[in-house]
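The values are calculated or read from the model by the stated rules, or taken from the named source; none is laboratory data. Keep in mind that what you see is a predicted model, and the values were worked out from it rather than measured. Counting neighbours? That spans all protein chains shown, and the Cβs are built from the backbone with ideal geometry, glycine included. Side chains included, ligands, DNA and RNA excluded: accessible areas come from the protein's heavy atoms. Shrake-Rupley method; radii C 1.70, N 1.55, O 1.52, S 1.80 Å.
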Amino acid sequence: MTKIERLKAWIMEAKTLVIFTGAGISTPSGIPDFRSSQDRSFEDILTYGYMIDNKDSFTNYVFKHLYYPFAKPNLAHLYFAELERKGKVTSLVTQNIDDLHMLAGQKRVYPIHGSIHKWYCMKCEKEYDPLKLDHNHANYCSCGGFIRPNITLYGEPLDEAYYHLGLTACQVADLLIVVGSSLNVEPAASMVRYASQRLVIINKDKTKYDRRADLVFHEDIIDVIHKLSL
Ligand SMILES: [Zn+2]
């Protein structure tokens, strides 16, 4: 039995299949993984303190490096949405802020790091469409409040509701498939630690959870999904 055949069989058998995705699933859609960059300046810029003290350059940085409004879901996003329609996928936890799973039609998605497509006023919480905001300078609400993206910055807690839903999903899954995450960013990555049954990792590079996994693919994600969907 090949690894692909085994994974296909496990997906067929699974009663509670949960998917956990990271940046690697969206790079084939043209969204670069900013965390893999050699330049670590994003760790200083994408913080609450930097945002408050440097509203113009923070806004400019986010629009320049994190915002890809015209990216489309790829084969992998579509494959998991299709598995959900067939009643196979119970829920999907994602570290991505690009909304591509939702665009692919996935219904039960827990975006634990938020969404780059939702911006809101820090004072009155009024929501704004980022396409209509100034991408080079700070934007202010009619009430005077600063308009920020609804994403989790370094040092900020994860979206609590989604985190707990995601954590529970990982705990009860009888098959947890990690796709395109190097599992380096905490506390998101530690959710995988709670997988008590089958754990499968599909990621181009090694992850620190590979040894705990029952099956590991260090291959191109689209290639693996393509073989799975044949
Ligand atoms: Zn406001």
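Looking at segment 9-55, which of its residues are of a type in the set (S, T, N, Q) and in contact (Cβ under 8 Å) with a residue 12 or more places away in the chain? Hits for segment 9-55 are THR16, THR21, SER26, THR27, SER29, SER36, THR47. Can you find a residue in segment 172-194 that is surrounded by 14 or more Cβ atoms within 10 Å (Cβ to Cβ) and among the acidic types (Asp, Glu)? Yes: segment 172-194 contains one or more residues that are surrounded by 14 or more Cβ atoms within 10 Å (Cβ to Cβ) and among the acidic types (Asp, Glu).
Of all the listed residues (LEU183, LEU131, LEU165), the sole one being more than 16 Å from MET51 (Cα to Cα) and outside the structural domain of VAL109 (by TED's automatic domain parsing) is LEU131. If you go through segment 122-141 and pick out every residue that is in a loop (DSSP other than H, G, I, E, B) and either of a type in the set (Asp, Glu) or within 7 Å of the ligand (Cβ to nearest atom) (or both), you end up with 7.
Scanning segment 193-225 for residues that are within 15 Å of SER26 (Cα to Cα) and either of a type in the set (Phe, Trp, Tyr) or touching a residue at least 40 places away in the same chain (Cβ under 8 Å) (or both) returns ASN203, LYS204, ILE221, ILE222, VAL224, ILE225.
For segment 142-182, give me each residue that is closer than 30 Å to CYS124 by Cβ, of a type in the set (A, V, I, L, M) and away from the ligand (no atom under 16 Å from the Cβ).
Answer for segment 142-182, where residues must be closer than 30 Å to CYS124 by Cβ, of a type in the set (A, V, I, L, M) and away from the ligand (no atom under 16 Å from the Cβ): ILE151, LEU153, LEU158, ALA161, LEU165.
On inspection, LYS118 qualifies as within 16 Å of the ligand (Cβ to nearest atom) and at pLDDT 95 or above. Of the strands (runs of 3 or more DSSP E) entirely within segment 166-230, those holding at least 2 residues that are touching a Leu at 6+ places or on another chain (Cβ under 7 Å) and under 23 Å from GLU82 (Cα atoms) occupy 175-179, 198-202. Number of residues in segment 124-164 that are more than 19 Å from LEU66 (Cα to Cα) and at pLDDT 95 or above: the value is 9. Residues that are open to solvent by 20 Å² or more (accessible area, probe 1.4 Å) number at least 1 in the following strands (runs of 3 or more DSSP E) confined to segment 11-120: 89-94, 109-111.
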